[in-house]
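Contents: one structure, followed by commentary.
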Amino acid sequence: MSIRWRVSLCVQRRNLLRQQPISCRGDMLAIDHVQIAIPPGGEPAARLFFVGLLGMSEEEKPEALAARGGCWFRAGRVHLHCGVESPFRPQRKAHAAFLVGDLDALAEKLAEAGSPIRWDESVADRRRFYTDDPFGNRLEFISSGHGFSERLQPLVSKAERAAG
């Protein structure tokens, strides 16, 4: 492929994108998994928290990825990957949010284990709280039936998006 042809194709794509945004609505089906970072050597603490406390099951990592460290967990259709990151910095704002059947029982269990429970009532009719994993990563737990994926917000219109 010549340079001239590649530049022309890029210009055509850019002009097309300006005219009409590409919609992925039909292409995106669900989130496959969420990955959070853990420090090197954090796998035992991750297992204690996600399996021992939250009741998830550990999933075997593919052989090609096992050498990188980390661990994978699942509970039903929820898949959580813990990847080793060095240097490690806990995520205090970015977070995974989990729908749970009995929010109060989970909050009690986590509190008894010494995890901080921070209830959030900032959005009406959404029962939820935040806690931290053993590494300081923020996690959100939402009562089933109250999740943002279960009670959808109105979509932003083109006019609102253009207004900024």
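We did not get these values from a lab; they are worked out from the coordinates using the rules stated. On a predicted model such as this, the values are computed, not experimentally measured, just so you know. Positions of Cβ are generated from backbone atoms using ideal geometry, with glycine treated the same way; all protein chains shown enter the neighbour counts.
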(message) Apply the a/c threshold of 1.5 to the C-alpha gyration tensor of the range 27-97 and tell me whether it is rounded, prolate or oblate.
(response) rounded
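Ala124 to Arg89: FRET efficiency via 1/(1 + (r/R0)^6), r the Cβ-Cβ distance, R0 30 Å, to the nearest 0.05?
Once the sixth-power term is evaluated, E becomes 0.35.
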(message) Using a 7 Å offset from the Cα along the Cα-to-Cβ direction at both Leu65 and Lys109, what is the distance between the two label points in nm, to one decimal?
(response) 2.5 nm
(request) Taking 7 Å along the Cα-to-C-beta vector as the label spot, tell me the Arg74-Gln153 distance in nanometres, rounded to one decimal. (result) 3.0 nm
(request) Mind checking the range 33-74 for GluC sites (Glu not before Pro) that DSSP puts in a loop (not H, G, I, E or B) and that have at most 12 other Cβ atoms within 10 Å? (result) Glu60
(request) Identify, among Pro134, Ala64, Pro154, the residue whose Cα sits farthest towards the positive end of the charge dipole of the range 19-164, taking +1 on the Cβ of Lys and Arg and -1 on the Cβ of Asp and Glu, with the dipole about the Cα centre. (result) Pro154
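Take the alpha carbon gyration tensor of the range 30-143, find the square roots of its eigenvalues, order them as a ≥ b ≥ c, and report rounded if a/c is under 1.5; if not, report prolate when a/b exceeds b/c, else oblate.
Values: a/c = 1.77, a/b = 1.62, b/c = 1.10.
Because a/c hits 1.5 or more and a/b exceeds b/c, the range 30-143 counts as prolate.
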